[in-house]
Amino acid sequence: MKPYLREKKNFGFSDIPGSTSFEAGYLVSVNSGWRSIKPVVNMEKCIGCMQCYLYCPDGAISIENKKAVIDYDFCKGCGICQKICKLNAIEMEAER
Amino acid sequence: MTAKDLSKDEFFYGHKACAGCGGSLAVRNALKVIGKNAFAVLPAGCMSAVGFNFPQLCFANNAIISTFAGTASMLTGIEAGLRAKGATDFTAVGFAGDGGTADIGIQALSGAIDRNDNILYICYDNEAYMNTGIQKSGLTPFGAKTTTTPSGKNIHGNIRPKKNMFEIVSAHDIAYSATASIGYMEDFLNKVKKACEIRGTKYIHVIAPCPTGWGIPVSNTVEIAREIVDCGLWYLAEYENGEFTLNHDPKEFTGVVEYLKKQSRFRHLTDDDIQIIIQSRDAKWEKIRRDWRR
């Protein structure tokens, strides 16, 4: 479970609740446009040690079937995962 | 606690923090330890600015922005309100920056500790008011260049040392307080977990580097957060039952000069300035090793 992307709509006054509260975990935009470089996982080298997952500030990495999987919608390309990986299984590639 | 023990859920996701943000990493992982029953309070600061951009709302649990000075008092109110409604399984947790804790919010925090309210207060310390463009806070270290403590010919950045917030809080005889660094994540996770199981006021002070304000590459956040501990300018410790305990005692410190020169906020420092920093570190560690349990 995590906040997920929804269709962006224009909110009218009638859609906004009377108090200053709203549904939690409501995403309408991605962060992928922030990147100039992106991490790419080498699936042969990755052993799923979870270090990149643990240190990703955006939580954009999950471990599925003992391999790191990156959510490119929300990765900002900071490169912490590449530095933290002891097996050099992540490489940063230029965005095109 | 290790990465395997963490909840797979993400409670702080899609936020607009800068790439490589240390504060968002602290908030993300603390919420993963606390779980879905966290009621988070965020005062003015980076984490509220990047987490609540209507309609982009990045917290998956209950979260609210408080007044700048009122993190701890709002936590008190939330805890009392939930208890009055009969809730039992919840954690009222606050995430305030260094300015919101050591300067603006210190009165409300002190009051909450005095009442021993059952709340968890986490201070993510990036050593200046980063959200408004890097102004000096009470937790900015000696020599650091900020927009309000510029470096010139006569004055080399901040002329005052960092407030000792961990010991100020502990001096209240708080139920539990601890220091941590996002570079030593398992240690931080363990302390959050331990704090959740203790009744009373809990305070965790976590160093969370800010690439923008510290002048480091965005990929270096975690490395520099390790190095500040390794070179002895930060320490991992706990306070409980009236006693200080040092959790990590480096046999040999790594170079302070190397640590400082990696950051553009310290690059102007002269050898004399660096000597002052090294001397104050050594004096601090002498006291720690003499008085604290190890």
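Does B:LYS136 qualify as being within 20 Å of B:ILE278 (Cβ to Cβ), out of contact with any Gly (no Cβ under 6 Å at 6 or more places or on another chain) and either crowded, with 18+ Cβ neighbours inside 10 Å or among the hydrophobic types (A, V, I, L, M, F, W, C) (or both)? Reasoning before the result, please.
On the way: within 20 Å of B:ILE278 (Cβ to Cβ): no; out of contact with any Gly (no Cβ under 6 Å at 6 or more places or on another chain): yes; either crowded, with 18+ Cβ neighbours inside 10 Å or among the hydrophobic types (A, V, I, L, M, F, W, C) (or both): yes.
In short, no.
Just to be sure, is B:ASP103 under 19 Å from B:ILE168 (Cβ atoms), touching a residue at least 60 places away in the same chain (Cβ under 8 Å) and of a type in the set (Asp, Glu)?
Working: under 19 Å from B:ILE168 (Cβ atoms): yes; touching a residue at least 60 places away in the same chain (Cβ under 8 Å): no; of a type in the set (Asp, Glu): yes.
Taking the combined requirement at face value, the residue does not satisfy it.
Do we have B:ASP273 as crowded, with 16+ Cβ neighbours inside 10 Å, in contact (Cβ under 8 Å) with a residue 60 or more places away in the chain and more than 14 Å from chain A (Cβ to nearest Cβ) here?
Working: crowded, with 16+ Cβ neighbours inside 10 Å: yes; in contact (Cβ under 8 Å) with a residue 60 or more places away in the chain: yes; more than 14 Å from chain A (Cβ to nearest Cβ): yes.
For B:ASP273, the condition - crowded, with 16+ Cβ neighbours inside 10 Å, in contact (Cβ under 8 Å) with a residue 60 or more places away in the chain and more than 14 Å from chain A (Cβ to nearest Cβ) - is met.
Would you point out the residue of the stretch B:100-125, among those that are of a type in the set (Gly, Ala, Ser) and surrounded by fewer than 24 Cβ atoms within 10 Å (Cβ to Cβ), that is nearest to the chain's Cα centre (by Cα)?
Only one residue tops the list, namely B:SER110.
If A:ILE84 passes every condition in (1) in contact with a strand residue (DSSP E or B) (Cβ under 6 Å, 6 or more places away or on another chain); (2) of a type in the set (Val, Ile, Thr); (3) under 24 Å from B:ALA208 (Cα atoms) but one, which one does it miss?
Among (1) in contact with a strand residue (DSSP E or B) (Cβ under 6 Å, 6 or more places away or on another chain); (2) of a type in the set (Val, Ile, Thr); (3) under 24 Å from B:ALA208 (Cα atoms), the lone unmet condition for A:ILE84 is (1).
Going through B:ALA19, B:ALA30, B:ALA72 one at a time, which residue ends up being under 19 Å from A:CYS56 (Cβ atoms), more than 12 Å from chain A (Cβ to nearest Cβ) and surrounded by 20 or more Cβ atoms within 10 Å (Cβ to Cβ)?
Values: B:ALA19 fails: more than 12 Å from chain A (Cβ to nearest Cβ); B:ALA72 fails: under 19 Å from A:CYS56 (Cβ atoms).
That would be B:ALA30, the only listed residue that is under 19 Å from A:CYS56 (Cβ atoms), more than 12 Å from chain A (Cβ to nearest Cβ) and surrounded by 20 or more Cβ atoms within 10 Å (Cβ to Cβ).
Being more than 8 Å from every other protein chain (Cβ to nearest Cβ), of a type outside the set (Lys, Arg) and assigned to a helix (DSSP H, G or I) narrows it down to one residue among A:CYS81, A:CYS46, A:CYS75; which is it? Before you say what the answer is, go through the steps one by one.
Details: A:CYS46 fails: assigned to a helix (DSSP H, G or I); A:CYS75 fails: assigned to a helix (DSSP H, G or I).
Only one candidate passes the filter, namely A:CYS81.
Give the stretch B:232-248 a look and list any residue that's out of contact with any Leu (no Cβ under 8 Å at 6 or more places or on another chain) and surrounded by 14 or more Cβ atoms within 10 Å (Cβ to Cβ), or say none. Step through it out loud before you land on a result.
Within the stretch B:232-248, the subset out of contact with any Leu (no Cβ under 8 Å at 6 or more places or on another chain) is B:232-234, B:238-245.
The answer is B:GLY232, B:LEU233, B:TRP234, B:GLU238, B:TYR239, B:GLU240, B:PHE244, B:THR245.
Give me the residue from the stretch B:33-54 that is among the aromatic types (Phe, Trp, Tyr) and surrounded by fewer than 22 Cβ atoms within 10 Å (Cβ to Cβ) and, out of that set, farthest from the other protein chains (Cβ to nearest Cβ).
At the first step, the residues of the stretch B:33-54 found to be among the aromatic types (Phe, Trp, Tyr) are B:39, B:52, B:54.
Now narrow it down to the ones that are surrounded by fewer than 22 Cβ atoms within 10 Å (Cβ to Cβ): B:52, B:54.
Working: B:PHE52: 9, B:PHE54: 7 Å.
Per the criteria, the residue is B:PHE52.
Can you go through B:ILE198, B:ILE168 and tell me which one is touching a Phe, Trp or Tyr at 6+ places or on another chain (Cβ under 6 Å), of a type in the set (A, V, I, L, M) and within 19 Å of B:ALA237 (Cβ to Cβ)?
Working: B:ILE168 fails: touching a Phe, Trp or Tyr at 6+ places or on another chain (Cβ under 6 Å).
Step by step, each of B:ILE198, B:ILE168 is checked, and only B:ILE198 is touching a Phe, Trp or Tyr at 6+ places or on another chain (Cβ under 6 Å), of a type in the set (A, V, I, L, M) and within 19 Å of B:ALA237 (Cβ to Cβ).
Out of (1) in contact (Cβ under 8 Å) with a residue 60 or more places away in the chain; (2) in contact with a helix residue (DSSP H, G or I) (Cβ under 7 Å, 6 or more places away or on another chain), the odd one out for B:ALA96 is which?
B:ALA96 satisfies all of (1) in contact (Cβ under 8 Å) with a residue 60 or more places away in the chain; (2) in contact with a helix residue (DSSP H, G or I) (Cβ under 7 Å, 6 or more places away or on another chain) except (1).
Return a yes/no flag: does the stretch A:23-37 have any residue that is more than 10 Å from chain B (Cβ to nearest Cβ) and not small (Gly, Ala, Ser). Quick ask: steps written out before the conclusion?
Filtering the stretch A:23-37 down to residues more than 10 Å from chain B (Cβ to nearest Cβ) leaves A:32-33.
If we keep only those that are not small (Gly, Ala, Ser) as well, we get none.
So far as the stretch A:23-37 goes, no, none of its residues is more than 10 Å from chain B (Cβ to nearest Cβ) and not small (Gly, Ala, Ser).
Say we look at the stretch B:1-14 and pick out the residues that are more than 7 Å from chain A (Cβ to nearest Cβ) and part of a loop (DSSP other than H, G, I, E, B); which of these is surrounded by the fewest Cβ atoms within 10 Å (Cβ to Cβ)?
Per the stated criteria, the residue is B:LYS8.
Across the stretch A:59-84, what is the number of residues that are surrounded by 22 or more Cβ atoms within 10 Å (Cβ to Cβ), without any contact (Cβ under 8 Å) to a residue 40 or more places away in the chain and either more than 18 Å from B:GLU10 (Cβ to Cβ) or touching a Gly at 6+ places or on another chain (Cβ under 8 Å) (or both)?
3
Right, B:PHE253: surrounded by 13 or more Cβ atoms within 10 Å (Cβ to Cβ) and either part of a loop (DSSP other than H, G, I, E, B) or without any contact (Cβ under 8 Å) to a residue 40 or more places away in the chain (or both) or not? Talk me through it step by step, then tell me what you get.
Values: surrounded by 13 or more Cβ atoms within 10 Å (Cβ to Cβ): yes; either part of a loop (DSSP other than H, G, I, E, B) or without any contact (Cβ under 8 Å) to a residue 40 or more places away in the chain (or both): yes.
Answer is yes for this residue.
Can you confirm whether the stretch A:58-65 contains a residue that is of a type in the set (D, E, K, R) and more than 8 Å from every other protein chain (Cβ to nearest Cβ)? Step through it out loud before you land on a result.
Taking the stretch A:58-65 as the starting set, the residues that turn out to be of a type in the set (D, E, K, R) are A:58, A:64.
This time we only want the ones that are more than 8 Å from every other protein chain (Cβ to nearest Cβ), so: A:64.
The answer is yes, given that some residue of the stretch A:58-65 is of a type in the set (D, E, K, R) and more than 8 Å from every other protein chain (Cβ to nearest Cβ).
Mind listing whichever residues of the stretch B:145-176 are of a type in the set (Gly, Ala, Ser) and loosely packed, with under 14 Cβ neighbours inside 10 Å? Before you say what the answer is, go through the steps one by one.
Filtering the stretch B:145-176 for residues of a type in the set (Gly, Ala, Ser) gives B:151-152, B:157, B:170-171, B:175.
If the condition is that a residue be of a type in the set (Gly, Ala, Ser) and loosely packed, with under 14 Cβ neighbours inside 10 Å, then B:GLY152, B:ALA171 are the ones that fit.
Computed from the coordinates by the stated procedures, all read-outs in this text should not be read as laboratory data. These numbers were taken from a predicted model, which means no experiment stands behind them. Positions of Cβ are backbone-derived with ideal geometry, glycine not excepted, and every protein chain shown enters the neighbour counts.
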